[in-house]
Amino acid sequence: IRRFLDKVWAVVDAADRSTEKTMPSVISRKLHQTIRKVTQDMEELRYNTAIAALMEYVNVLRRSETVPAHSLEPLIVLLAPLAPHIAEECWERLGRSGSVFDASWPVYDEMLAREEARARGGNRTRRPSERASASSSDSRP
């Protein structure tokens, strides 16, 4: 977990704090997927999978050329119940006043959380059981 928190710290430290930057669609989609996943996992007390979702989001941020600071605020709020001290420090480094615990829990947009239809496409890989039934039905007269 230490390496993950080091990555969070580095992303916060390197964040682009200019206000006119828009969030790239890849980051926006992953952010809303992460908010959805972490919210559900926290409600069901599945902390390990919540942390895994946060790790995936941080990896997307690290692959991005620039990271708008406003894409980090929800991350820090989601991280706060799991790592309160570093979340408070990151919140302050982002220039936010007050405590991260005074911020409202982020809400996801289902439309933004959806995968692109093109990415999933119609060419999905069949499961082995589907392949077997398809090949046996193809050989019948």
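Things worth noting here:
- Tensor-based shape of the range 1-41 (alpha-carbon gyration tensor, a/c under 1.5 rounded, otherwise prolate or oblate): oblate
- Subtracting the Cα-Cα distance of Ser25 and Thr49 from 0.36 nm times their residue separation leaves 6.3 nm of extension gain.
- Computed extension gain for Thr66 through Arg2, at 0.36 nm per residue and net of the alpha carbon distance, reaches 20.7 nm.
- Rounded accessible area of Ser99 (nearest 10 Å², 1.4 Å probe): 30
- Simple label model, 7 Å out from Cα along Cβ direction - Glu56 to Trp105, nm: 2.0
- Of the residues Glu73, Glu92, the one with the largest accessible area comes first in the ranking Glu92, Glu73, computed with a 1.4 Å probe on protein heavy atoms.
- Taking the Cα centre of the range 16-95 as reference, the dipole from Cβ charges on Lys and Arg (+1) and Asp and Glu (-1) amounts to some 320 debye.
- Given charges at Cβ of Lys, Arg, Asp, Glu: the range 1-110 dipole, positive-most of Trp91, Val38, Thr49: Thr49
- Ranked by the mean number of other Cβ atoms within 10 Å of their residues, highest first, the peptides 56-66, 105-115, 30-40 fall in the order 30-40, 56-66, 105-115.
- Tail weight of P(r) past 19 Å, computed on alpha-carbon pairs of the range 6-68, percent: 35
- Net lengthening on full extension, Gln40/Arg114 (0.36 nm per residue, minus Cα-Cα): 25.1 nm
The values are calculated or read from the model by the stated rules, or taken from the named source; none is laboratory data. Please read these numbers as outputs of a predicted model, since none were measured by experiment. Positions of Cβ are generated from backbone atoms using ideal geometry, with glycine treated the same way; all protein chains shown enter the neighbour counts. Just so you know, the surface numbers come from the protein's heavy atoms only, side chains and all, with ligands and any DNA or RNA stripped out. Shrake-Rupley method; radii C 1.70, N 1.55, O 1.52, S 1.80 Å.
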